[in-house]
Amino acid sequence: MSDLQRRFLFLHKNGFRKKPGKNGHFRGRCVYLFVFSKYSLNLNVHIGGEQFCYFIRNIFMTPTIHATTVVAIHHNGQVAIGADGQATMGNTIAKSNVRKIRKLAEGKVIAGFAGSTADAFALLERFEEKLNAYGGNFKRAAIELAKDWRTDRFLRRLEAMLVAATKEEVLVISGTGDVLEPDNGIASIGSGSMFAQAAAVALKKHAPHLTAEEMVKESLHIAADICIYTNHNLVIEKLDG
């Protein structure tokens, strides 16, 4: 434990003191308001009529590895999911060739993730368990995963999103209990998702001769040109109808 951590725990235990008492010991009652962000902790301490704001960076919250930008397209009987390879830790690039796409259920389902890498792997494992438990029923497994993700005390702490697809369906699964099926057969998640989705919508409308795989590839390259958390190291998986 660092010296700063020890000081903070001492203050938390004994209170932030305004002045010593008669016996030389400090006294005081504190009201704490914690505001968490990804890599920092804001602490507001109210003592009497005064307010002290402490900005404590990286004391108890270690930066996690985040992976970004996944897009899935269903087009002309083919479905493809692609993702870039960049993973960021704070404001730095931790890895440039992360594989964010996995095949599940003996290759019948493709899934991609965005968010905290460790959390995403935990969710993919749980999703595969659900697929096996419900005989490969894709939509039922997705709904059951979303229910567990929303209500389970452990799972609801996980910070990630999933895009999953079969030959017929594309779904977005989130920790808020949502299972979304896009109307246009295009789904995207991650920091560059809106750039990739805009490109995919345009390609599907104005270049229908392209395959789903080609659309995914071009959409991700466009997103990588705009989003600083997305690179050009792509992994794309497809399922043919």
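Where a number appears in this text, it was derived from the coordinates with a stated rule and is not lab data. These figures come from a predicted structure and were not determined experimentally. No Cβ is skipped: glycine too gets one built from the backbone with ideal geometry, and neighbour counts run over all protein chains shown.
With each pseudo-label sitting 7 Å past Cα toward Cβ, what's the residue 106-residue 118 distance in nm, one decimal?
Placing both labels 7 Å along Cα→Cβ, they lie 3.4 nm apart.
Could you tell me which of 93, 76, 203 has its Cα farthest along the dipole of region 65-240 towards the positive end, charges placed at Cβ (Lys, Arg +1; Asp, Glu -1), taken about the Cα centre?
93
Please give the FRET efficiency for residue 194 paired with residue 137, using the beta carbon to beta carbon distance and R0 = 45 Å, rounded to the nearest 0.05.
0.90
Which of 211, 151, 230 comes first, and how do the rest follow, when ranked by fewest Cβ neighbours within 10 Å?
Final ranking by Cβ density, sparse to dense: 151, 211, 230.
Loop only per DSSP, at most 15 neighbouring Cβ atoms within 10 Å: give me the chymotrypsin sites (Phe, Trp or Tyr not before Pro) in region 103-178, ordered by residue number.
Passing sites in region 103-178 are 134, 154.
Leaving out same-chain residues fewer than 8 places away, which aspartates and glutamates sit with a Cα under 14 Å from that of residue 139?
128, 129, 168, 169, 178, 181
Computed FRET efficiency, Cβ-Cβ of residue 153 and residue 180, R0 30 Å: what is it to the nearest 0.05?
0.80
Is region 154-233 best put as rounded, prolate or oblate by its Cα gyration tensor, with a ≥ b ≥ c the root eigenvalues, rounded for a/c under 1.5, and otherwise prolate when a/b is larger than b/c, oblate when not?
In terms of gyration-tensor shape, oblate.
Under the classification rounded if a/c is under 1.5, otherwise prolate if a/b is larger than b/c and oblate if not, where does region 190-230 fall, given a ≥ b ≥ c as square roots of the Cα gyration tensor eigenvalues?
prolate
Under a crude label model (7 Å from the Cα following the beta-carbon direction), how far is residue 201 from residue 228 in nanometres?
2.6 nm
Could you pull out the GluC sites (Glu not before Pro) across region 115-185 that fall in loop regions by DSSP (anything but H, G, I, E, B) with no more than 10 other Cβ atoms inside 10 Å?
none
Where Lys and Arg each count +1 and Asp and Glu each count -1, what net charge lies around residue 203 among other residues with Cβ under 9 Å from its Cβ?
That works out to 0.
Past the 23 Å Cα-Cα mark, which pairs from 108/205; 95/205; 103/167; 167/204; 205/238?
108/205; 95/205
Quick one: 3J(HN,Hα) in Hz for region 80-85, Karplus 6.51/-1.76/1.60 with θ = phi - 60°, rounded, Gly and Pro as x.
9, 10, x, 8, 7, x
Counting Lys +1, Arg +1, Asp -1, Glu -1, what net charge surrounds residue 144 among other residues with beta carbon under 15 Å of its beta carbon?
Combined, the nearby Lys, Arg, Asp and Glu give +1.
Given an 8 Å cut-off on Cα distances and at least 6 residues of separation, report the relative contact order of region 65-240 as a percent.
33 percent
Under a 5 Å amide H to amide H cut-off, with H placed in plane at 1.01 Å, what residues pair with residue 94 once short-range neighbours are removed?
Residues meeting the amide H criterion: 87, 88, 89.
Which shape class, rounded, prolate or oblate, goes with region 65-240 when its Cα gyration tensor gives a ≥ b ≥ c as root eigenvalues, a/c under 1.5 marks rounded, and past that a/b bigger than b/c marks prolate?
Because a/c hits 1.5 or more and a/b fails to exceed b/c, region 65-240 counts as oblate.
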